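Here's the structure, in structure tokens; my notes come after.
Any read-out appearing in this document is the output of simple, stated calculations on the displayed coordinates, not a laboratory observation. In this text, all values refer to a predicted model and were calculated from it rather than measured experimentally. Glycine also receives a Cβ, built like all others from the backbone with ideal geometry; neighbour counts cover every protein chain displayed.
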Amino acid sequence: DAGITQSPRHKVTETGTPVTLRCHQTENHRYMYWYRQDPGHGLRLIHYSYGVKDTDKGEVSDGYSVSRSKTEDFLLTLESATSSQTSVYFCATRTSSGGSTDTQYFGPGTRLTVL
Amino acid sequence: SQKIEQNSEALNIQEGKTATLTCNYTNYSPAYLQWYRQDPGRGPVFLLLIRENEKEKRKERLKVTFDTTLKQSLFHITASQPADSATYLCALLKTNDYKLSFGAGTTVTVRA
């Protein structure tokens, strides 16, 4: 998993509670991403970061916020969890060499269940 | 809207045969197309990248083709092995973009 850890790996929470997922990388990659993966939908981008304190929305950002205060950490917060946010969440990183060969490296995922 | 479609059904093949997976896209002009492998309970792992001006790319028993006229990529696993059983994802990237767009994946099962 190329030096990317996610915590927690599993979480069960109740509707309406805030939840924060953490992604930590040791690769010093500039770009970081949060995806959710649901059956039949594949990986969908929630938010991404192109540097410390530089973030932007992806295609499914409603109900989520992110923060990146250090290169190595990217936090995803569900402001008020809903059952539709039950999913597997993946963090990914990418280098900034600028070449087309840049690939994304994925973490092991966090399985979140909202009851 | 942009759409990326992969084989909708799982693919079951006999060991030693070639598995062929399809990735079709619409309303998209990707500069690069990537293929990833995902095992159950794990994150995707990069396999191959092919550029829009490349027709074919090979890596060991893997072969990828990219037809921008048909808006399609084919992913072949030759001499398949049970260890090749996994879900395979295609992903598209535009020039100078930071974000990949993924298909839903095709699950391949190779029978011994």
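For this structure, a couple of remarks:
- Pairs with C-alpha atoms separated by more than 18 Å, drawn from the list A:53/B:94; B:3/B:94; B:3/B:71; B:55/B:99, are A:53/B:94; B:55/B:99.
- What the phi angles of region A:73-86 give under the Karplus curve with 6.51, -1.76 and 1.60, with θ = phi - 60°, is a coupling list of 10, 9, 9, 10, 10, 8, 5, 8, 4, 10, 4, 5, 8, 5 Hz, glycine and proline written as x.
- What separates the Cα centres of region A:51-71 and region B:8-80 is a distance of 30 Å.
- Of all the options A:16, A:58, A:42, the one that moves most in a Gaussian network model of chain A with Cα springs shorter than 10 angstrom is A:42.
- GNM top mover of B:60, B:52, B:15 - chain B, alpha-carbon springs below 10 Å: B:60
- Local electrostatic count at residue A:21 - Lys and Arg +1, Asp and Glu -1, tallied over other residues with Cβ under 14 Å: +4
- Amide H contacts of residue B:7: B:22, each under 5 Å away and 5 or more positions distant or on a separate chain (H built 1.01 Å from N in the peptide plane; Pro and chain starts excluded).
- Within chain B, the percentage of alpha carbon pairs spaced more than 23 angstrom apart rounds to 23%.
- Chain A: proportion of alpha-carbon pairs further apart than 25 angstrom, %: 16 percent
- Among A:49, A:61, A:83, residue whose mean-square fluctuation peaks in a GNM of chain A (springs only between Cα atoms under 10 Å): A:83
- Think of each Lys and Arg Cβ as +1 and each Asp and Glu Cβ as -1; about the Cα centre, that makes the dipole of the protein assembly as shown roughly 260 debye.
- Length-normalised contact order for chain A - Cα pairs under 8 Å, 6+ apart - percent: 36 percent
- The residues neighbouring residue B:15, those whose beta-carbon lies less than 13 Å from its own, together hold a net charge of +2 under the Lys/Arg +1, Asp/Glu -1 convention.
- Derived scalar couplings ³J(HN,Hα) [region A:23-38; Karplus, 6.51 cos²θ - 1.76 cosθ + 1.60; whole Hz; x for Gly, Pro]: 10, 10, 10, 10, 8, 6, 6, 6, 9, 9, 9, 10, 10, 10, 10, 10
- Amide H contacts of residue A:58: A:47, A:48, each under 5 Å away and 5 or more positions distant or on a separate chain (H built 1.01 Å from N in the peptide plane; Pro and chain starts excluded).
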